[in-house]
Amino acid sequence: MARKVILDMDPGIDDALAILLACRSPELEVLGITTVAGNTYAERGAVNALKTLEVLGRRDVPVYVGQRKPLLRSYEPEEWVHGSDGLGDVGIPEPAGKPEEGRAVDFIVETVMDSGPGEVTIVATGPLTNIAAALILEPRVAERLQELVIMGGAYGLTPYGFGNSTPVSEFNIYCDPEAAKIVFDSGAPLTAVGLDVTTDPKAVITKELHERLSEKGSETARFAAKISRRHIDLFGSVALHDPMAVAYALDKSLLKTRRYHVTVVLGEGVTRGQTIVDRRPRALMGEKKPNVNVAYWVDGPRFLQLFMERIS
C-alpha cells in the first residue's frame, strides 16, 4: 500500500525536483501540495508546483497556497539562487491549472485529522511556517501523523554539516526559526534530512550527470535538467536537498538516522536558526529527551540511481 503524503514546500528548483520524484514513485500517494514563503513567494511557489505537475500530467494533485511570510519575521525570496521566477528563469510556460481556493493550513489539519492515526506523512522541504501554524491551530496533528520528514538543519554530524545561510544555519530553519522551534518541540515523529547528508559529494548531480540528464528522452528529465542548469552554473553541481527527503519517505534504507535532542536557536546574528545537537551522555542532559531523528549518512550512489531512474 502506498504511503499517503502531503508535500509542504517552497518551489524552488529542488522542490520541483522533489515533486518529480514523489509523483514518479509508486510507493507514495501524493494527497496534495502546500506552499510556503521560502525560496520564492508562496503564490509563485504554487504556480511552480502546478507547472511541475503539468509536466508530469498530474492534474489530480491539489495545490494550496500557504503562509506568505514567517511567523514573526520579514521575508525576502532567494532569487539569486532560484531565479526571479523560482525555477531558474528558463521560461517554463505558465500552467493551465490554478491553486485551490482553500488555505494550506486548513488542508493540512483537515487531511491529517480526518485520516486514521498514523495514516499521513508530511514531507516538508521549505521553512516550517505552515506546519507550525497547523500545530497551533490543532496540536493533535503532532500525535496523529505517521511521520514528519523535513529537509532542514545543519547538525555537524558529518564534514558537510555546516550552514548555508550562516556558517552554522541552514536556510529553511534560518528563514523561520520560531516555526522550527514549535515543530521540533511538538512531539511529532520528526526526521530531519539536513545539509549533513544532502551536500555529501557522493549524493549530488555532477556536471557529467547533468549532461546525461539533459540527453534523456523523457520530458521530465529534460525539464529537470533545464531548471537545474542555474545551480550547475552557480555551484558546479546540483544538491538534491528536497528530493532526498522524499527519497527517505519512500525508502528508509537510503539513510541512517540517530535520535538526538535538538535545540533551535532564535534571536539574531550568526547563530539564528542554528540546530544544536546534544550529544552528551543522558545523565548530563537532565530532563531533555531526544526529539528528532537526524540523518547522518546517505547511500549516495544508490540515491542518485533512484532519482535518475525515476525521473527519466
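Every number here is computed from the coordinates shown, using simple stated rules; none is lab data. This structure is a prediction, so every number in the text was calculated from the model and none was measured. For neighbour counting, all protein chains shown are included, and Cβ atoms are generated from backbone atoms with ideal geometry for every residue, glycine included.
Starting from one equal scatterer on each C-alpha and no solvent at all, send me the Debye-based log10 I(q)/I(0) for the chain at q = 0.07 Å⁻¹, two decimals. One equal scatterer on each Cα of the chain leads to -0.23. In the range 3-311, Cα pairs under 8 Å separated by at least six residues give a relative contact order of 20 percent. In this structure, the residue pairs whose Cα-Cα separation is over 32 Å, taken from K51/K288; K98/K202; K51/K289; K51/K207; K202/K288, are K51/K288; K98/K202; K51/K289; K202/K288.
Residues of the range 213-235 falling in the label zone of S84, defined by backbone nitrogen less than 19 Å from a point 7 Å along Cα to beta-carbon, are 227-231, 234. Computed from label points 7 Å out along Cα-Cβ, the spacing between S253 and E29 is 2.4 nm.
From the alpha carbon centroid of the range 93-114 to that of the range 182-257 is 24 Å.
Its residue count N sets the reference 2.2 N^0.38 Å, and the alpha-carbon radius of gyration of the range 37-112 equals 1.15 times that reference. The alpha-carbon of K4 sits under 17 angstrom from the alpha-carbons of these aspartates and glutamates, leaving out residues fewer than 8 places away in its chain: E27, E29, D60, E110, D114, E119, E143, E147, D251. Of the chymotrypsin sites (Phe, Trp or Tyr not before Pro) found in the range 139-222, none is in coil by DSSP with at most 16 other Cβ atoms within 10 Å of its Cβ. Take the Cα of M308, step 7 Å toward its Cβ, do the same at M1, and the gap between the two points is 3.6 nm. Which helices, taking whole DSSP H runs in the chain, have alpha carbons extending 18 angstrom or more along the helix axis plus mean Kyte-Doolittle at least -1.0? Taking the DSSP H segments of the chain (at least 18 Å long, mean hydropathy at least -1.0), we get 42-56, 219-235.
Cα centroid distance between the range 126-143 and the range 33-89, in Å? What the calculation gives is 19 Å, centre to centre.
One chain, two ends: K202 and E287. Fully extended at 0.36 nm per residue, the span grows by 26.8 nm beyond their Cα-Cα distance.
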